[in-house]
Amino acid sequence: MSLLVHVLACCFGLGSWVAVNGLWVELPLIVNTLPEGWELPSYLTVIIQLANLGPLLVTVMHKLCPGRLRESAVIYSVLSIGVLACVQLAFFWDETTVVAAAPRSTVFFILTLFLALVDCTSSVTFLPFMMQLPAHYITTYFIGEGLSGFIPGLVALGQGVGMAKCVNGTQSSGNLTEKDIYIVQTQYLLPNFSTEVFFFFLAAMMCISLLGFSALNRFPRSFELSTENLVSDTDTVASVCFGLDNPGVVTDVQNSNPKPHSEESGQARPQLAKPGHSVYQLAFIYFMVVCVNGATNGLLPSVQTYSCMPYGNLAYHLSAALASCANPVACIVALFFPKRSLVLLGVLCLLGSVFGGYNMAMAAMSPCPVLQGSVLGETIIVLSWVFFTGTLSYVKVMVGVILRDESHSALVWCGAAAQTGSLLGSAIMFPLVNVCNLFESGDFCNTKCPF
């Protein structure tokens with residue numbers, strides 16, 4: 001029975017971020033079809049930030065009506081929406097509509113917003129539900145959450161990418177007296193399986209998560225040891241969850257199980273004696289959180305096409321897929337090799353910034369970055385994206401561990417700083433890419449570079 005619950009918890013965790021991660025690793029195939037082209041990632045970063053309205057609404061409901069919001073109903077709803085959105089994407093992802101006299105991927109954007117709402121809302125609903133199970137199952141849940149980025153990356157690697165080749169074509173001049181114009185066109189070969197199949201795979205992953213949650217939710221309460229030992233009814237469970245968001249709230253459990261003053265003071269001493277960080281250290285930590293999340297969630301993803309596509313579709317494909325795998329790998333490394341030194345984390349942050357700076361520089365030089373057309377250039381850009389994601393992911397995990405041990409309010413401010421950085425990064429890059437046109441796209445066959 002215990003093994004079964006571990007499997008179900010892992011399956012449940014798969015649905016946390018599998019949809020958004022799947023969209024990112026599939027972009028190397030999508031950008032060649034949708035009219036936004038290389039600008040598409042900058043749109044996605046903004047859409048994902050808008051989806052934070054979902055967790056904000058859930059949080060407000062918890063604050064205004066504590067104990068009234070049924071998390072199981074919310075989870076059923078968001079996972080069902082995720083399944084339907086993935087299925088709809090499989091059929092309509094390449095449908096366009098005319099907006100402001102230009103074709104736009106309206107359907108793709110709307111369905112992406114729904115998927116982002118599902119994944120963002122999972123951050124404030126999945127874990128509170130897992131708190132009803134014994135603590136060791138939460139670790140299994142986090143493994144499933146890590147796999148939600150690792151598995152789509154592996155599947156994308158197996159899918160391959162449509163290799164580009166140059167073919168001769170003709171273009172009509174529109175004049176009967178003139179001959180047709182001969183041009184060179186870029187033609188992409190088919191991958192091992194289509195984008196539609198990949199979206200059906202994402203829908204299957206969401207179904208697995210939904211089935212895992214349904215099974216966990218139907219387990220007899222006698223198995224939920226932590227719930228039975230700590231609380232007496234479901235209302236108190238909600239108040240405990242609410243109390244985690246409000247450390248000053250006194251739960252019914254504490255009131256119904258008073259302890260002698262000496263015992264309480266004995267338990268409180270270790271907490272008071274725990275060394276904390278100075279104001280300057282906390283300011284440095286929060287500054288790192290803002291910068292790291294701004295870079296990884298806003299600044300660099302918006303221009304990944306411009307930094308990778310000039311080296312070819314394969315370079316972009318490998319960068320997106322391997323970077324998606326690097327994130328959970330970095331979390332595993334942090335699990336076995338936790339380093340809390342602020343000096344080391346600062347050095348890693350600078351190292352990740354160096355990789356990010358190289359990626360941004362190549363994007364600014366698009367469509368003619370250095371070492372274009374060489375295997376060395378392709379290798380460097382792929383490794384740069386992998387190390388950029390891996391090092392900064394390790395920093396994010398360790399900063400979260402440090403602030404978790406500091407206090408609950410410190411962890412709350414960490415989340416606020418992370419969202420602020422992500423929002424700033426997206427807000428800065430969107431006008432630079434789509435309004436100012438600081439980054440230039442190119443064509444594999446028709447771009448002429450001076451070197």
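Test Ser42 against the stated conditions and say whether it is within 17 Å of the chain's Cα centre (by Cα) and either over 14 Å from Phe126 (Cβ atoms) or in contact (Cβ under 8 Å) with a residue 24 or more places away in the chain (or both).
yes
Would you please name the residue that is nearest to Asn192 (Cα to Cα), looking only at residues in region 143-163 that are in a helix (DSSP H, G or I) and open to solvent by less than 20 Å² (accessible area, probe 1.4 Å)?
Applying the filter and picking the extreme gives Gln159.
For region 72-102, which residues satisfy the criterion of being β-branched (Val, Ile, Thr) and either part of a helix (DSSP H, G or I) or touching a residue at least 24 places away in the same chain (Cβ under 8 Å) (or both)?
Of everything in region 72-102, those that are β-branched (Val, Ile, Thr) and either part of a helix (DSSP H, G or I) or touching a residue at least 24 places away in the same chain (Cβ under 8 Å) (or both) turn out to be Val74, Ile75, Val78, Ile81, Val83, Val87, Thr96.
For the subset of region 103-142 comprising residues that are more than 20 Å from the chain's Cα centre (by Cα), assigned to a helix (DSSP H, G or I) and among the hydrophobic types (A, V, I, L, M, F, W, C), which member is surrounded by the fewest Cβ atoms within 10 Å (Cβ to Cβ)?
So, considering only residues that are more than 20 Å from the chain's Cα centre (by Cα), assigned to a helix (DSSP H, G or I) and among the hydrophobic types (A, V, I, L, M, F, W, C), the one surrounded by the fewest Cβ atoms within 10 Å (Cβ to Cβ) is Val107.
Just wondering, is there one or more residues in region 190-203 that are modelled with pLDDT of 75 or more, in a loop (DSSP other than H, G, I, E, B) and aliphatic (A, V, I, L, M)?
Yes: one or more hits.
Within region 71-130, which residues are in contact with a strand residue (DSSP E or B) (Cβ under 8 Å, 6 or more places away or on another chain), over 19 Å from Ile48 (Cα atoms) and of a type in the set (Ser, Thr, Tyr)?
Answer for region 71-130, where residues must be in contact with a strand residue (DSSP E or B) (Cβ under 8 Å, 6 or more places away or on another chain), over 19 Å from Ile48 (Cα atoms) and of a type in the set (Ser, Thr, Tyr): Thr96, Thr97.
I'd like the full set of residues that are at pLDDT 50 or above, outside any helix (DSSP H, G or I) and not charged (D, E, K, R), limited to region 204-246.
Correct list: Phe219, Pro220.
Find the residue count for region 14-48, including only residues that are at pLDDT 90 or above and under 25 Å from Ser209 (Cα atoms).
Matching residues across region 14-48 total 16.
Pick out the one residue from Ser366, Ser384 that is small (Gly, Ala, Ser), more than 13 Å from Val292 (Cβ to Cβ), at pLDDT 95 or above and open to solvent by less than 40 Å² (accessible area, probe 1.4 Å).
Details: Ser366 fails: at pLDDT 95 or above.
So the residue among Ser366, Ser384 that is small (Gly, Ala, Ser), more than 13 Å from Val292 (Cβ to Cβ), at pLDDT 95 or above and open to solvent by less than 40 Å² (accessible area, probe 1.4 Å) is Ser384.
So if I check each of Leu423, Leu371, Leu392, which one is part of a helix (DSSP H, G or I) and either open to solvent by 20 Å² or more (accessible area, probe 1.4 Å) or at pLDDT below 90 (or both)?
Answer to the check: Leu423.
Please enumerate the residues belonging to region 61-102 that are small (Gly, Ala, Ser) and open to solvent by 70 Å² or more (accessible area, probe 1.4 Å).
Correct list: Ala100, Ala101.
When you scan region 395-415, how many residues do you find that are small (Gly, Ala, Ser), over 22 Å from Gly149 (Cβ atoms) and assigned to a helix (DSSP H, G or I)?
2
When region 316-349 is examined, which residues are found to be free of Cβ contacts under 8 Å to residues at least 12 places away in the same chain and outside any helix (DSSP H, G or I)?
Phe337, Ser341
Working only within region 28-41, note down all residues that are closer than 16 Å to Leu189 by Cα, open to solvent by less than 10 Å² (accessible area, probe 1.4 Å) and hydrophobic (A, V, I, L, M, F, W, C).
Start the filter on region 28-41 by keeping residues that are closer than 16 Å to Leu189 by Cα, which leaves 28-33.
This time we only want the ones that are open to solvent by less than 10 Å² (accessible area, probe 1.4 Å), so: 28, 30-31.
Those that are closer than 16 Å to Leu189 by Cα, open to solvent by less than 10 Å² (accessible area, probe 1.4 Å) and hydrophobic (A, V, I, L, M, F, W, C): Ile30, Val31.
The values are calculated or read from the model by the stated rules, or taken from the named source; none is laboratory data. Bear in mind that the values here come from a model prediction, so they are computed numbers and not experimental data. Virtual Cβ from ideal backbone geometry, glycine too; neighbours counted across all protein chains shown. Note: accessible area is taken over every heavy atom of the protein model, side chains too, but ligands, DNA and RNA are not part of it. Shrake-Rupley method; radii C 1.70, N 1.55, O 1.52, S 1.80 Å.
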